[in-house]
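Right, one structure below, let's go through it.
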Amino acid sequence: MATRVRSFWRTPPGKIAWLAICLGSIVVLLGAWWYLTRPGGGISPLFLPPPDEVLDAFVRLLSRPYLGSTLGQHIAASLEVVMTGWLAAGLVGLPLGIAMGWWRKARWVAFPIFQVLRPVPPLAWIPLAIVWLGIGESARVFVVFIAAIVPWVMNSMQAVYSIDALLVSAALTLGANDRQILTRVVCRTALPTLVAGARISLGNAWTTLVAAELLAATSGLGYIALNASRTLEIGILLVAMAIIGVLGALFSVIMQLVTRIVAPWSRANAEGA
Amino acid sequence: MTTTKAHGPTAKMDIRGVSKTFDTRAGAVHALDRCDLAIREGEFVVVVGPSGCGKSTLMMIAAGLEAPSTGQILVDGKPAGPAGPQRTVVFQRFALFPSETVAQNIAFGLRVAGVDRAERARRVTEQLEFMRLSQFRDAYPHELSGGMQQRVAIARALVVRPEILLMDEPFGALDAQTRTVLQEEVARLSREMNYTVMFITHSVEEAVYLGDRVVVMSSRPGRIKKEIAIPRDAGWRRLDIEEASSEPGFIELKREIWALIRTEIVRQ
Amino acid sequence: MTTIAAPMASRPRRAPLSPPLVYGAAAIAFLLVLWFAATAIPGVVSNKVLPSPFDVVERFATLAADTFSGSTLFGHAAASLTRWLIGVTVAVGLGVPLGVLLAWLPPLRPAVTPVFELFRYIPPFAWVPIAVLWYGASTTTQAMIVFIAAFPACVINTQLGVAQVDSILLRAAKTLGAGAATTLSRVVLPVAAPAIFTGIRIAFSNGWMALVGAELVVGKQGLGFLISQGQINDSVSTILVGMITIGALGALIDVVLQRVQRLLLPWKSATTRPVA
Ligand SMILES: Nc1ncnc2c1ncn2[C@@H]1O[C@H](COP(=O)(O)OP(=O)(O)O)[C@@H](O)[C@H]1O
Ligand SMILES: [Mg+2]
């Protein structure tokens with residue numbers, strides 16, 4: 001008996017058991033949330049409102065403008081800034097990172113600069129951005145750019161640098177010149193890793209944008225969250241957080257899809273990693 | 001240092017006085033010491049030697065992928081240029097481009113050389129058939145077994161019609177059965193097409209079975225210790241490797257070569 | 001006799017990623033000179049927008065000696081470090097045991113998956129407004145943000161480190177008569193230690209980065225607060241001193257941790273990639 005109990009705990013659950021435990025855990029969590037936040041349940045709705053109140057807040061956000069814009073406009077404002085900053089960073093960071101991975105002189109010169117910049121959190125650039133650019137959109141784009149460029153560069157460099165040297169040798173013996181090797185072999189082989197870098201970069205950009213919106217914005221999801229916090233509308237605040245999280249997850253999923261589309265040959269795809 | 005009879009105007013590839021020293025953090029590694037080796041047109045030369053003796057280094061130099069510390073590589077009597085399709089290489093680790101299908105991998109050398117699409121398609125199809133790969137044409141390397149991947153690598157190296165084919169322990173990463181099949185395949189290739197091949201292995205059996213000449217290298221720093229000609233008309237040539245390896249002549253040669261290598265391993 | 005003068009196209013790919021320092025030093029020196037030149041030549045960049053390097057050094061000295069927005073630079077740094085330490089200590093204290101549990105008892109994994117997935121994509125910073133509501137402008141608020149930023153890296157890397165311990169080792173321990181506790185403490189943890197430590201390093205760094213953000217929004221002390229005060233006072237040199245201090249402390253923390261790791265765990269590091 002004892003060994004059977006032990007072996008249950010020591011074996012990974014099967015697919016169905018996994019799902020069941022997952023669902024059970026969700027039910028327990030929701031139940032606990034509901035139970036603890038019911039009237040007289042011990043947790044004040046000012047600390048954490050009950051689930052139905054959060055749902056109400058979501059419906060209210062959907063149906064009526066909040067702080068002068070609809071939810072869609074707030075989301076669009078956030079997306080616009082994050083996409084602009086992230087794409088601009090990619091436009092600079094991707095070629096720079098590839099160059100740094102391929103030409104060691106470029107790496108020797110540029111890598112230390114990034115090593116010096118890297119420990120400064122992107123968020124710490126926000127005050128500087130505000131002084132330089134005011135609390136408009138350009139300040140937010142600037143901060144997102146700063147947050148996104150480091151992972152763009154570092155991951156692209158690593159992706160190119162860690163290409164199997166044997167592939168380069170093989171291409172050389174087959175008569176490829178340096179340019180052909182860089183475009184046909186190195187960049188294509190590195191593609192999944194390059195996209196992974198883009199994904200990390202987008203995640204950083206998103207995280208930083210939310211911070212920037214807490215400090216320098218007149219619309220956007222972070223702006224909703226901060227205002228809801230000031231006006232004690234916790235339901236709205238939680239909904240804003242959830243939307244931020246869902247969009248972050250969505251970005252990640254989309255980027256994984258992109259890998260699958262641009263690099264159908266990738267082993268990582270085959271293994272679902 | 002052994003002088004080679006093949007020296008002279010007939011040598012297709014001539015490795016002359018090649019030494020190689022690597023500068024590493026732990027000091028200089030003397031990998032090759034004045035190696036001389038001449039390979040005639042259509043000859044299948046197998047290089048054997050204890051592991052770490054510099055076989056791969058010699059091949060990298062022959063391919064133009066590594067510069068010798070001293071000495072030179074001549075092809076048709078002229079200094080060989082940088083690495084290129086004149087001397088293609090089959091590596092132990094296949095080195096297929098993971099982002100390209102079998103057909104694209106094989107077409108690589110033709111494409112970078114600017115061969116037009118129709119001609120490319122024709123030659124790739126021909127090569128696929130020759131290597132019995134037609135049904136895998138659109139597969140990606142990671143979908144293939146090791147043996148299939150190595151067939152693709154061989155096809156990719158042959159399709160550009162190299163003057164010399166260099167193979168560095170091409171079957172070292174394969175299981176025993178796949179290896180046997182591919183050994184026979186390569187034997188067939190060299191018989192039918194009469195390629196000039198420099199083939200590296202640490203398997204004495206493979207060397208005797210495939211080679212016209214077996215070159216034994218000493219332990220590091222690698223030197224050419226001895227060359228042994230394998231009779232072209234040996235009785236086992238047309239047998240498969242299983243049967244060949246029980247022929248008395250085969251066993252005799254194998255024993256002789258193995259004895260040479262053994263003294264080198266012991267000497268280390 | 002050295003021939004084959006032909007260009008060797010094979011690249012020295014085995015060269016270490018850390019480059020000869022002269023190049024980097026020259027590049028950074030060049031940027032500093034550029035910075036100085038831009039501020040020294042009148043009319044290029046206003047001192048209000050970008051003060052000269054010397055102004056920044058001077059400001060550094062002033063901030064180190066005099067009180068600004070409540071304390072000296074060191075006071076602000078100490079406040080930040082204290083909050084950070086509280087947050088990461090709790091994160092490591094809870095995260096590492098949880099990671100071990102999750103790896104050791106697989107059925108627990110699906111139980112925490114929903115929560116983990118729910119919170120994974122919410123940036124630590126998005127917790128600031130609610131943390132402020134819950135705990136006001138207190139150390140708890142800041143420490144909570146640090147905790148949220150640091151916790152996942154501890155759990156995930158510990159779990160990976162423990163899960164990758166070769167089952168042959170476990171069987172070997174069993175045949176030698178080791179019980180679960182012995183196996184865990186003598187076999188599993190030493191093997192997983194490098195991965196765990198890497199997780200802790202990532203956690204520390206994530207926590208530090210998030211703390212700065214939290215301090216920008218709430219609080220009356222700390223380096224993030226210092227730079228936000230610099231912004232309010234339109235003092236770019238203050239902001240730069242703050243940024244440099246934050247970066248330097250962050251880098252210092254990581255260097256110290258790397259040293260400690262090498263000292264405590266001289267054996268080979270785990271093969272799994274760390275998860276940030
Ligand atoms: N790039 C290199 N840098 C330093 N040492 C090397 C390098 N390549 C090979 N060596 C050394 O040269 C010797 C010969 O290597 P190799 O040619 O690979 O031997 P083999 O193929 O016969 O096993 C070995 O001792 C190896 O460590
Ligand atoms: Mg070798």
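Nearest 100 Å², what total accessible surface is buried between chain C and chain A (probe 1.4 Å)?
5600
From the backbone phi of region B:100-109, what are the Karplus-calculated ³J(HN,Hα) couplings (6.51 cos²θ - 1.76 cosθ + 1.60, θ = phi - 60°) in whole Hz, Gly and Pro given as x?
Taking θ as phi minus 60°, the curve returns 10, 6, 3, 5, 5, 4, 5, 6, 3, x Hz for region B:100-109.
Could you give me the ³J(HN,Hα) list for region A:183-189, computed from phi with Karplus coefficients 6.51, -1.76, 1.60 and θ = phi - 60°, whole Hz, x at Gly and Pro?
7, 7, 9, 5, 5, 5, 5
Just to confirm the number: angle between the C-alpha axis of helix B:176-193 and the first principal axis of chain B, 0 to 90 degrees, nearest 10?
So the inclination is approximately 80 degrees.
What percent antiparallel are the DSSP beta bridges of the protein assembly as shown, to the nearest 5?
Taking every DSSP beta bridge with both residues in the protein assembly as shown, the antiparallel ones total about 55 percent.
For chain A, find the longest principal axis of its Cα atoms and tell me its angle to the long axis of helix A:51-63, 0 to 90°, nearest 10.
Roughly 70 degrees, rounded to the nearest 10.
With an 8 Å Cα cut-off and a minimum separation of 6 or more residues, compute the relative contact order for chain B in percent.
Answer for chain B is 26 percent.
Using the heavy atoms of the protein chains and a 1.4 angstrom probe, tell me the accessible area per residue for the protein assembly as shown in square angstrom.
The answer is 46 Å² per residue.
Restricting to DSSP H runs of at least four residues, report the calculated mean residue ellipticity at 222 nm for the protein assembly as shown, -39500 (n - 2.57) per run over all residues, nearest 500 deg cm²/dmol.
Value at 222 nm, helices only: -20000 deg cm²/dmol.
So how much accessible surface do B and A hide from each other in total, probe 1.4 Å, in square angstrom to the nearest 100?
When B and A are taken together, about 2100 Å² of accessible area is lost.
Under unit Cβ charges (Lys, Arg +1; Asp, Glu -1), what dipole magnitude, rounded to 20 debye, does chain C have relative to its Cα centre?
About 1100 debye.
Over 27 Å between C-alpha atoms is what I'm after, so list which of B:LYS20/B:LYS78; A:LYS105/B:LYS12; A:LYS105/C:LYS48; B:LYS20/B:LYS254; B:LYS55/B:LYS254 land there.
A:LYS105/B:LYS12; A:LYS105/C:LYS48; B:LYS20/B:LYS254
Using modelled backbone amide H atoms (1.01 Å from N, in-plane), which distant-in-sequence or interchain residues come within less than 5 Å of B:GLU43's amide H?
Answer set, sorted by chain and number: B:VAL197.
Considering only protein heavy atoms and a 1.4 Å probe, what is the carbon-and-sulfur percentage of the accessible area of chain B?
49
Just want to confirm a number: the relative contact order over chain C, from Cα pairs under 8 angstrom separated by 6+ residues, in percent.
Once normalised by length, the contact order is 23 percent.
Hydropathy first: keep DSSP H helices in chain C averaging at least -1.0 on Kyte-Doolittle, then drop any whose Cα extent along the axis falls short of 20 Å, and list what survives.
Span-like helices here: C:21-40, C:73-104, C:139-163, C:189-217, C:236-264.
Please list, ordered by chain and number, the residues whose modelled amide H lies under 5 Å from the amide H of A:TRP265; skip anything fewer than 5 residues away on the same chain.
none
Pick out which of C:ALA150, C:ALA126, C:ALA79 has the largest mean-square fluctuation in a Gaussian network model of chain C, springs linking Cα atoms closer than 10 Å.
Taking springs between Cα atoms under 10 Å, the residue moving most is C:ALA126.
The values are calculated or read from the model by the stated rules, or taken from the named source; none is laboratory data. Just so it is clear, the model here is predicted, and its values are computed rather than measured. Cβ: placed from backbone, ideal geometry, glycine included. Neighbour counts: every protein chain shown. The protein model used for the area step is the full one, side chains on, heavy atoms only, and it has no ligands, DNA or RNA in it. Shrake-Rupley method; radii C 1.70, N 1.55, O 1.52, S 1.80 Å.
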